[in-house]
Amino acid sequence: MAKQEKALTRDMLVGMQVIDAEGKLLGKVKDVAFTVGKMGISLHVENEKGENRSIFWEEVQAAGDFIILKPVTQGASQLPQQIKPEQTQPICPTCNRPSSFIKEYQRWYCYNCKKYL
């Protein structure tokens, strides 16, 4: 008998803890978002300090009682990081390079792809 697929609603996702592939708690899902011009959804995650980041659904390995992210690819982890201590720097899902936070717009931007995440 085949395993039945389980749909996750927004209400189910909001409030779930997000854990990276190494078991570190990244925060809780505060909302679900769509990015104009891209397929799929992203999760708006807030950590204990109130810092926010977006995680694209393609980065999710599993979701049930909590969300587990896929391991970061080796190529992306070798790229230079310019992380500000108070912010978690997301990786561009298109080119796998670190993004930059544009304070004026309160958004992350990929200079390689020339677009906001």
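The values are calculated or read from the model by the stated rules, or taken from the named source; none is laboratory data. Bear in mind that the values here come from a model prediction, so they are computed numbers and not experimental data. Backbone-built Cβ (ideal geometry, glycine too); neighbour counts: all protein chains shown.
If we keep just the residues of region 85-107 that are surrounded by 10 or more Cβ atoms within 10 Å (Cβ to Cβ) and modelled with pLDDT under 75, which is nearest to the chain's Cα centre (by Cα)? Outline the logic, then answer.
Taking region 85-107 and keeping what is surrounded by 10 or more Cβ atoms within 10 Å (Cβ to Cβ), we get 87-102, 107.
Okay, now just the ones that are also modelled with pLDDT under 75, so 87-88.
Working: Gln87: 13, Thr88: 10 Å.
Across region 85-107, the extreme among qualifying residues is Thr88.
Need a quick list: strands (runs of 3 or more DSSP E) entirely within region 18-84 having at least 3 residues that are modelled with pLDDT of 85 or more and within 10 Å of the chain's Cα centre (by Cα).
On the way: elements: 25-34, 41-46, 52-56, 60-63, 67-69.
The qualifying strands (runs of 3 or more DSSP E) are 41-46, 52-56.
Go through region 13-67 and give me each residue that's within 16 Å of Pro93 (Cα to Cα), surrounded by fewer than 17 Cβ atoms within 10 Å (Cβ to Cβ) and of a type in the set (Lys, Arg).
Passing the criteria: only Lys38.
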